[in-house]
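Bear in mind that the values in this text are calculations on the coordinates, not laboratory data. Remember, predicted model here, so these are calculated numbers, not experimental data. Every residue, glycine as well, gets a Cβ built from its backbone with ideal geometry; the counts of neighbours run over all protein chains shown.
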Amino acid sequence: MSHATRLLLGAAVVLIGGAVLAQPKGGAPADNYLPAKKDSKWTYKVGDNKIEVRVSKVDKVGGEEQFQFDTVVGTEAKTSETMLVRADGVYRSKVKDDKLDPYIKLLPLPVKKGATWDINSKLGTQTIKGTLKVVDDAEKIEVQGVKFTAVQVEGKDMDVAGAKTTVRIWFAKDVGIVKQEFVLATGDKVLLELAKDGYVPGK
């Protein structure tokens, strides 16, 4: 794996971590774009490698449900992230034991085409800055031979841990994130796609 690819995969972990998010408690209107239950699992293809994401734990902290996702990138060491849902969106709050300050909103609720929001957060000494936008709320895409209608979120030329990175994420109802693309200013690119039959619901 090249240095650029490792950098991009690191940026992916910093920005979106497990890459799958949780529904608001009580079934509030996330429209099931991001279903998550204990032991839910997603497998993504990254070239010849795979990333597996599993919901390992669900805790209630300060009245909010927080979901822990364990992630393995190829044969790299496992990491963990924490996600939560608020009335205005889905947030990533933590990487391992390090908190994002402030939390990063990955999807606004309710979903609306054209919506934009700024990111300016720190994870330890790493900075994540830029603007995310809902480019399309009903895009027809095909991923690993499977067709989806997806919400596309894009962040152009974001500063992710010192690297200028364009980020694109596609969310599909009842599945979660089905595709992600990370492009460095140098043109190096990493594409993550949900493997066929790669989503296994939890119980």
When ranked by the protection proxy of mean other Cβ atoms within 10 Å per residue, highest first, what sequence do the peptides 86-97, 157-168 form? 157-168, 86-97
Measure out, as a whole number of angstrom, how far apart the alpha-carbon centroids of region 106-155 and region 174-189 sit. 10
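Please find the FRET efficiency linking LYS99 to GLU139, where r is the Cβ-Cβ separation and R0 is fixed at 30 Å, and quote it to the nearest 0.05.
On the way: r = 33 Å, r/R0 = 1.09.
That pair, LYS99 with GLU139, gives E of 0.40.
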Stokes-Einstein D for region 87-198 (25 °C, 0.890 mPa s, Kirkwood Rh from Cα pairs), in µm²/s, comes to 166
